[in-house]
Amino acid sequence: MKLAFWKKEGEPAGQVDFSRLPRHIAIILDGNGRWAQKRGLPRTAGHKVGAEAFRTIATYCRDIGIDYLTVYAFSTENWKRPEEEVGTIMSLLKRYLLEAIDTMERDNVRLRFMGDMGPLNEELRGLVDECNAISDRLTGCQCCICINYGGRDEIVHAARKFAMDCTAGTVKPEQLTEESFDGYLYSAGIPSPELLIRPGGEQRLSNFLLWQCAYAEFYFTDVLWPDFTKAELHRAIAAYQRRNRRFGAV
């Protein structure tokens with residue numbers, strides 16, 4: 001059993017038992033714009049630093065044995081942001097996809113993209129498809145990136161798919177269960193997150209993994225995403241490990 005201790009002044013140490021890590025961690029990548037504005041920089045600068053924070057945390061999750069990491073990178077509502085900011089996010093996504101295609105097999109890291117890829121440009125959709133094809137050959141840690149994703153939209157999308165199967169006669173409405181409905185979601189085949197982390201000071205789901213997070217443990221912190229470090233991840237995991245997960249029992 002390995003333990004790690006991380007402590008900032010005025011905060012409890014993060015003591016992590018690496019023998020009982022959560023299998024699946026979900027993170028809302030919040031605070032990039034505010035991080036930049038606090039420093040007198042354009043919001044786009046925050047997204048660039050946030051992308052590096054994601055790379056660091058994703059690599060570390062792989063290294064310590066987290067099986068699944070799901071991050072909220074761009075929501076269905078984020079298209080309302082200024083055109084320059086959206087363009088920067090999409091450019092960063094393209095760069096990340098190109099790098100991932102070169103390194104996924106070497107690192108044995110699978111990528112999966114959750115959301116409606118239709119509004120992305122043709123080049124990005126092609127890169128997403130290429131990452132998916134490579135992932136099918138791999139067995140390692142899986143990183144799920146939610147792009148143009150909304151929890152309510154996902155549930156509606158799943159309900160439509162089930163309704164189409166009913167119309168086609170392949171299933172009957174009374175056959176629907178929670179377990180079978182899981183198979184219609186973008187996250188089909190992926191276990192639900194045990195721990196959801198939201199940096200940035202907000203304390204809400206913001207339409208993220210509404211179905212999947214029914215029994216997730218929530219961890220909120222004021223730390224903005226670009227400042228989120230391995231030590232912050234340790235604090236979140238340590239807080240998770242101190243909780244008693246009863247799932248409605250006593």
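Looking only at helices (runs of 4 or more DSSP H) that fall completely inside segment 132-250, which ones have 2 or more residues that are open to solvent by less than 70 Å² (accessible area, probe 1.4 Å) and closer than 30 Å to residue 16 by Cβ?
Qualifying helices (runs of 4 or more DSSP H): 230-241.
Looking at the structure I just gave you, is residue 27 among the β-branched types (Val, Ile, Thr) and under 22 Å from residue 137 (Cα atoms)? Here the answer is no, as residue 27 does not meet what is asked. The residues of segment 111-128 that are open to solvent by 50 Å² or more (accessible area, probe 1.4 Å) and either touching a residue at least 40 places away in the same chain (Cβ under 8 Å) or in a strand (DSSP E or B) (or both), listed by number, are 112, 116, 119. Among the residues of segment 82-110, the ones that are open to solvent by 80 Å² or more (accessible area, probe 1.4 Å) and small (Gly, Ala, Ser) come to 0 in all. Remark: pairs (first residue in segment 66-83, outside any loop (DSSP other than H, G, I, E, B); second residue open to solvent by 80 Å² or more (accessible area, probe 1.4 Å) and of a type outside the set (Gly, Ala, Ser); Cβ separation under 7 Å; 6+ apart in sequence or on different chains) = 68/23.
The values are calculated or read from the model by the stated rules, or taken from the named source; none is laboratory data. This structure is a prediction, so every number in the text was calculated from the model and none was measured. Cβ sites come from the backbone with ideal geometry, for glycine too, and all protein chains shown count toward neighbours. Just so you know, the surface numbers come from the protein's heavy atoms only, side chains and all, with ligands and any DNA or RNA stripped out. Shrake-Rupley method; radii C 1.70, N 1.55, O 1.52, S 1.80 Å.
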